[in-house]
Amino acid sequence: MRPILEFTGVTRAYGPRLALDDVHLALKPGELTFLVGPSGAGKTTLLKLINREIRPTRGEVWVDGIAAHTIKASRVSELRRRVGVVFQDYKLLPRLTAKENVALALQVGDLRVSDEQASERATDALEAVGLGDRGSSFPHQLSGGQQQRVALARAVVAQPPLLIADEPTGNLDVDTSWEMMDLFADIAAFGTAVLIATHNVEIVTRLQRRVLTLVEGRLVRDQPAGSTGRMAWLALS
Amino acid sequence: MAGVVVKGRFPRRRLFRVVTANVFRYLFRGAARNWLRNIGGTAPALSSMTLLLLLSGLVGMIGFALHNLEEAQAGQASLLHVYLRDAAPDADVGALWTRLAKDPRVASVMFTSKDDALRQAQSKPGLPQLAAATDYNPFPASLDVRVKNIGDVAAIDNLVRNDIAVDAADPTSYDQGAYQRIQTVLFGFAVAGFAFLGLLGFVAVTVTMNSIRAAIHSRRDEVTIMQLVGAPRWMVRGPFVVEGAITGALAGATAGLLAFGLAMLGMTQGSATFTQFAPGITVSVAAIAGAMVFAAGLGLGSGSSLLSVRRHLES
């Protein structure tokens, strides 16, 4: 099976400092993977490389067959439509309702989607994350957990082959965090590759999924699903 | 006929309608809404651009009037009046006429009698009183010589001024260097006008660029989100360019109307003096100037916002 995401010898430098150093990795469709490591290890840099917010200094980044390391600025939007993104701070447009925020991701990617189709699919996505009845609410009328679920609905509504999340539970309480993780697992079960950068030890150790560990920009460990032990994490923290 | 699938045209038309509606919403409606929301920030740019465009329109019209003035002066300078002695015999006058008419540098020669000269003088402001002050006709008869090349007027003047038929005291209307002086003054006006317009354009572009930069800065989060959800570049940048175009179009429309109104006011208030003060400025010229000011506003607004977006908005 062709990987959805592939890093080959990727290095990213900020001046003399290496944020990522010779990283090799591949993610297959349907795989839920955690990206862990101490602060400043390079997790966010890695996610930004996937979404082509930055370019690698060396190496290749392939996303669903697109060369993110060489793509022209004018074609970056094509790449980003293949990557759903969930942020710690949700990044919802405050002037739009929950449903409009979700529908936006559909229509900016494909102008042929009518308002009715966008509304229908946005409602479906919101129902899938348990917010079918809050479509007309504005972000400030929703709790942090609800906003994060809207962000998740927005990230997956266009059915991208890859979903990346940067500390998606960072602002959520324990129960809401687990609800979010259930949703991520469901999404992966339907074939989307999911990569989650997190500091949440409990979630990583309990879910027993694949874990990539970054330390000082280097990928020091790639533990396959089912082999994630609590002690392995502690050794690195 | 069984088995024939008839394809309706409706879905294609519907698709066109959907795409058009989406483009309109994301490009124009969003821009108009944001422009209205940021009116406080846009107002200084709008008012200064209006003022600058109005000044540009007025400078443009003055430039056009000066250009007409120069053409009129050039026309007058190429017409040499050769004043004849009152007692000059017809034969001498005829001989001079023939000599001039045969000269290849001369386009035409017309005879103006003393009576015609008096009639022409009576139609000019101030001269009827002068004519009425004396018992006899003080205006001389003349040969009005149209010279092909304005540079040859001096040579023709030199040729005729000692002729026996010509008035020795006041032989011709030739004023050496008068036309050159007018040209020098007008050239100075043109240089100053273009420099002024250039300065106004620079200020207008800078002011609009700054207002768009402020709009980009105030909506940085929104822009980032649009980019991250995969909005194409035109969808992110387009609304800012449209906002600049709205500012420019409004400023241009206001300035264009004001410039047109001021020109109309000038024409109606002092119809006699205005045509001398601003020759060639008519209703249609004022309307064209107004339209050009509007087009300049639209172009400056969208162009400068495009520059600002290219400079301040990352992909």
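The values are calculated or read from the model by the stated rules, or taken from the named source; none is laboratory data. This structure is a prediction, so every number in the text was calculated from the model and none was measured. Heads up, the Cβs are rebuilt from the backbone with ideal geometry, glycines too, and the neighbour counts pull from every protein chain shown.
Quick notes on this one:
- Near pairs, Cβ below 7 angstrom, 6+ apart or cross-chain, from segment B:10-29 (more than 8 Å from chain A (Cβ to nearest Cβ)) to any residue that is not hydrophobic (A, V, I, L, M, F, W, C): B:Leu27/B:Gly238; B:Leu27/B:Pro239
- Lone unmet requirement of (1) surrounded by 18 or more Cβ atoms within 10 Å (Cβ to Cβ); (2) within 14 Å of chain A (Cβ to nearest Cβ) for B:Trp234: (1)
- Any chance B:Thr172 is more than 14 Å from every other protein chain (Cβ to nearest Cβ) and closer than 30 Å to B:Ala21 by Cβ: no
- When the criteria are applied in full, A:Val204 meets the requirement of being more than 22 Å from A:Arg82 (Cβ to Cβ) and crowded, with 21+ Cβ neighbours inside 10 Å.
- Selection count where residues are hydroxyl-bearing (Ser, Thr, Tyr) and either within 14 Å of chain B (Cβ to nearest Cβ) or touching a strand residue (DSSP E or B) at 6+ places or on another chain (Cβ under 9 Å) (or both), scope segment A:106-140: 2
For (1) touching a Leu at 6+ places or on another chain (Cβ under 8 Å); (2) at positive phi, each residue gets a yes or a no:
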position	(1), (2)
A:Gly37	yes, yes
A:Arg58	no, no
A:Pro94	no, no
A:Ala122	yes, no
A:Ser136	no, no
A:Pro139	yes, no
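- Some residue of segment A:189-201 being farther than 30 Å from A:Leu18 by Cα, part of a helix (DSSP H, G or I) and either without any contact (Cβ under 8 Å) to a residue 60 or more places away in the chain or touching a helix residue (DSSP H, G or I) at 6+ places or on another chain (Cβ under 7 Å) (or both): no
- Screening A:Thr192 on (1) of a type in the set (Ser, Thr, Tyr); (2) more than 19 Å from the chain's Cα centre (by Cα); (3) modelled with pLDDT of 90 or more shows it passes everything except condition (2).
- Segment A:90-141: number of residues that are part of a loop (DSSP other than H, G, I, E, B), buried (at least 19 other Cβ atoms within 10 Å of the Cβ) and touching a Pro at 6+ places or on another chain (Cβ under 6 Å): 1
- Listed by first and then second residue, the pairs linking a residue in segment A:59-83 that is more than 8 Å from chain B (Cβ to nearest Cβ) to a residue that is hydroxyl-bearing (Ser, Thr, Tyr), with Cβ atoms under 7 Å apart and 6 or more places separating them unless they lie on different chains, are A:Gly59/A:Thr8; A:Gly59/A:Thr11; A:Glu60/A:Thr8.
- Given (1) under 21 Å from A:Glu167 (Cα atoms); (2) more than 8 Å from every other protein chain (Cβ to nearest Cβ); (3) more than 17 Å from the chain's Cα centre (by Cα), number of the condition A:Val86 does not satisfy: (3)
- Qualifying positions in segment A:171-185 - touching a residue at least 40 places away in the same chain (Cβ under 8 Å) and exposed (fewer than 14 other Cβ atoms within 10 Å of the Cβ): A:Ala185
- Taking strands (runs of 3 or more DSSP E) as the structural unit, those lying wholly within segment A:1-89 and holding at least 2 residues that are surrounded by fewer than 23 Cβ atoms within 10 Å (Cβ to Cβ) and of a type in the set (A, V, I, L, M) correspond to A:17-27.
- Look at segment B:295-315: where a residue is away from every other protein chain (no Cβ under 14 Å), no partner that is modelled with pLDDT under 90 and in a loop (DSSP other than H, G, I, E, B) sits 6+ places away or on another chain with Cβ atoms under 9 Å.
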